[in-house]
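Trainee: Following this message is one structure expressed as structure tokens.
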Amino acid sequence: MASYDDLLHAEHAQSRSASVAAAVVRDGVLEWSGAVGTTDGRDGPEATASTQYRIGSITKTFVAVEVMRLRDEGRLDLADPIGRHLPEVPFGHVTIAQLLSHTSGLEAETHGPWWERTPGGDWSALIASGPRLVHTPGTRFHYSNVGFGVLGRLVEVLRMTSWFDAIRDGILDPLGLTGITEHPTADAATGLSHHPLDDRLLVEPHHDAGAMAPAGQLWAGAEDLVRWAAFAAGDTGSVLSSSTWSEMVVPLAVDDRPGVPWATAQGLGWRVWPGTVAGRQVGHGGSMPGFLATLQAEPESGTGVVVLVNDTLRIGDLASALLDAARPAKRPATPAFDPAPDVARLVGDWFWGPVPFRLEPTADGFHLSDANANRRSRFVRDGDGWRGLDTYYAGERLVVRPDGALDLASFVLAREPYDPAVEHPGGLDPRGWH
């Protein structure tokens, strides 16, 4: 298999981008980083893995995480209509969850000059421009940059500071991401557009986007941003609980394209790609005039990659190639552990009526799966019982009854098929199995 450096140089040659920077993380540890080309596309400084590029809409993932942190603190509910916190918006019935998942129906862009290439106005100016709904909320996926301008304002109001200061204090500093900034440093790469027919370049302007900054303002180097790819793989540190991260990456809205099988879905701020050889991928792309960015992670394999270019034209398939190269041939075996005594008593075969189930211990609870694995769910402790984390039983309660049977959302599981020693809803035919 080609080395990381070989893949990087092949992408640079094929894409004709001024420069390409990339990095790979595995199990939370930086495995490789590199860069090729010059920051201005000519004879300027050589790009490095710490050179800053504008990361565009990857910015949205930081804003989304800060919204979820506010939710976990009890400052908001995802079902809250946004008008409860921002009464000045003309679409106050839209929920916070809909804004995070791009199902609010809010229009994609602002009214007025192209916001990505012109100085941005403040929040009052954004509201005065008349942002409107173009779809009924909750009925379809429709990507909205404006929606994340609104979420950035929500963060500002609840944190009583700027959106950037909020994510710096709550996310960037705790994760050591001091190289991610709101504005470019002096040695940042120059944003360039490449003529599609020849090698001419055009320098793109960049400005403070004002109220739209939460949709795409941040700047980062590959080595800093790859820590965020580790976050997307589940290494959330002290910033976010694992349960909240799992909640954010549930595919909620399919990005449907007629005639094409769905290729990506939207979670709460994160993009989710369907099955690969190592399970789903989580991440986001970014595009601003003069820059393209990709962040992808595979939680199951523990790997993540970042690719940054200062070119508007194309970014190629380097991210996928790096993931293929980084993916371990086989994940290490799960370390042995002794299940808790109350879990150990539950391990083994169970039956929902005649349907076989299998209960297997995990480090923090257990898996419960039917014979066909159609209803395989993880369970963790929840008061005097257990709570499902995913698939069919997500959020549902399981308790152990006094007679030893399991009550799972009104379904009774016994050690034998329709065990006559266990009371089943509806009773049992007195003839029993015959």
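Computed from the coordinates by the stated procedures, all read-outs in this text should not be read as laboratory data. Bear in mind the structure is a predicted one, so any value in this text is a computation, not a measurement. Note: ideal-geometry Cβ built from the backbone for every residue, glycine included; neighbour counts use all protein chains shown.
Trainee: Report, in cubic angstrom per residue, the convex hull volume of the C-alpha atoms of region 25-110.
Mentor: So the per-residue hull volume is 170 Å³.
Trainee: Just to be sure I understand: with springs between alpha-carbon atoms less than 10 Å apart, which residue in P196, P402, P299 has the highest mean-square fluctuation in the Gaussian network model of the chain?
Mentor: Of P196, P402, P299, the Gaussian network model singles out P402 as fluctuating most.
Trainee: Between helix 145-159 and the chain, what is the angle of the helix's C-alpha long axis to the longest principal axis, kept within 0 to 90° and rounded to the nearest 10?
Mentor: 80
Trainee: Still on this structure, please answer the following. Using alpha-carbon positions, what is the distance between the centroids of region 135-159 and region 68-117, in Å?
Mentor: 3
Trainee: Hey, could you pull the Cα Rg and Dmax for region 194-344, both in Å?
Mentor: Over region 194-344's Cα set, Rg and Dmax evaluate to 18.5, 69 Å.
Trainee: Would you mind working out the magnitude of the charge dipole of region 14-54 relative to its Cα centre, with +1 at each Lys and Arg C-beta and -1 at each Asp and Glu C-beta, to the nearest 20 Debye?
Mentor: 160
Trainee: How big is the Cα convex hull of the chain in projection, averaged over all directions, in nm²?
Mentor: Average of the hull's projected areas for the chain equals 25.3 nm².
Trainee: Next up: After finding the eigenvalues of the alpha carbon gyration tensor for region 288-434, what semi-axes result from the square roots of 5 times each, listed largest first in whole Å?
Mentor: So the equivalent ellipsoid measures 46, 17, 14 Å along its semi-axes.
Trainee: Which residue fluctuates most in the GNM of the chain (Cα springs below 10 Å): R16, R401, R314?
Mentor: Greatest mean-square fluctuation among the candidates belongs to R401.
Trainee: In addition: For region 341-414, report the translational diffusion coefficient in µm²/s to the nearest whole number, using Stokes-Einstein at 37 °C, 0.692 mPa s, and a Kirkwood Rh over Cα pairs.
Mentor: It comes out at roughly 273 µm²/s.
Trainee: Please get the size of the charge dipole for the chain, origin at its Cα centre, with Cβ charges of +1 on Lys and Arg and -1 on Asp and Glu, quoted in debye to the nearest 20.
Mentor: Magnitude of the dipole: close to 720 debye.
Trainee: Identify which of T294, T61, T38 has the largest mean-square fluctuation in a Gaussian network model of the chain, with springs joining Cα atoms closer than 10 Å.
Mentor: Largest GNM mean-square fluctuation: T38.
Trainee: Provide, as a two-decimal number, the C-alpha radius of gyration of region 33-179 over 2.2 N^0.38 Å, N being how many residues it has.
Mentor: 1.19
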